[in-house]
Amino acid sequence: MTDFFDMQRFVHLLRAHWAESWREYAWFAGVLMILDLIAMAISFATQSGYSYREFEFQGQITWYMMGLFPSAVIFAGRYFKYLLNPGASLIALMRPASVFEKWLMAFLVISILYPLVFTVLYIVFNYPAVQLAKSIASQWPLCENCVRDFRFYLPFITPESTEKGMSDAGYFLKYQLFFFMLLSAAQALIAGGTAYFKRSPVLRTVLCSFLLFVILTWAGFTPQLGIFARHYGPGEMQYTAMEYGLSIGLWLGLPILLWAVLYFHIKEREVA
């Protein structure tokens, strides 16, 4: 076995983590499903067939992203909660696994598996609701100049519209990429904060992030969206190779940097 990474040792680490955490994960998923069903019931109860905006294509995008982002951040904040318990923290940190393996497991569970599981649950629960809304809406007369789009939204799979041009399709792809990069950065930030701070880690992480944002805004260092910004003018916005490189480097580099910081936080807690 190598000190840095060993597949068999990593698999044992995953199994141990699953054996300890599957009940909490099941509880978390159950709460999400209940909240989703309640939100759908309220939407059906408060709207008529003329307007099921939440179940049309654009509404589904908002529904998906507004559900995934806060829940993923909360999930990331709970991942290292065992560090608040001295006994559980000692057991977890003394497991026969390298720092990289523990970091890799955190990255896979938080940034890869959670969004995938959320997406599966979103499909299972929201697809029937969209079809029901579509069926009900079809029974109502369509007003002049009204367009109803009940295509089911799947991230990176469903195009924005079959009638849109390539510029809109390109922006829609960049919009989704930008969302997931921000999500990964937020997950790494909150997970790193819970691994670093020993008391009230989530609160301190949020406060520090807010203060940093205020200071940067006051100093005029707010980052630009670059190629991810929406262009409302005629024609397609042209960017140079340098602009592409700077935009991708900034917004992709942010989550990479924050996940790298998390690695050193885990290493520091092991040494301590």
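The values are calculated or read from the model by the stated rules, or taken from the named source; none is laboratory data. On a predicted model such as this, the values are computed, not experimentally measured, just so you know. Backbone-built Cβ (ideal geometry, glycine too); neighbour counts: all protein chains shown.
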**OP:** Report the residue count in the range 164-193 for those that are outside any helix (DSSP H, G or I) and either at pLDDT 90 or above or not charged (D, E, K, R) (or both).
**Re:** 1
**OP:** With respect to residue 114, determine if the residue is part of a helix (DSSP H, G or I), at pLDDT below 90 and of a type in the set (Phe, Trp, Tyr).
**Re:** no
**OP:** Run residue 241 past the list (1) small (Gly, Ala, Ser); (2) at pLDDT 85 or above; (3) surrounded by fewer than 17 Cβ atoms within 10 Å (Cβ to Cβ) and report the number of the one that doesn't hold.
**Re:** (2)
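Working only within the range 40-53, note down all residues that are free of Cβ contacts under 8 Å to residues at least 12 places away in the same chain and surrounded by 12 or more Cβ atoms within 10 Å (Cβ to Cβ).
Passing the criteria: 47, 51, 53.
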**OP:** Just one of (1) closer than 28 Å to residue 263 by Cβ; (2) surrounded by 13 or more Cβ atoms within 10 Å (Cβ to Cβ); (3) among the β-branched types (Val, Ile, Thr); (4) within 21 Å of the chain's Cα centre (by Cα) trips up residue 61, so point out which.
**Re:** (1)
Subject >> Every pair of residues 6+ apart whose Cβ atoms lie under 9 Å, when the first sits in the range 250-272 and is at pLDDT 85 or above while the second is not in a helix (DSSP H, G or I) >> reply: 254/223; 265/80; 266/80
**OP:** Might you check whether a residue that is at pLDDT below 90 and buried (at least 18 other Cβ atoms within 10 Å of the Cβ) occurs anywhere in the range 117-139?
**Re:** yes
Original post:
residue 18 versus (1) in contact (Cβ under 8 Å) with a residue 60 or more places away in the chain; (2) surrounded by fewer than 16 Cβ atoms within 10 Å (Cβ to Cβ); (3) aromatic (Phe, Trp, Tyr): which is the lone unmet condition?
Top reply: (1)
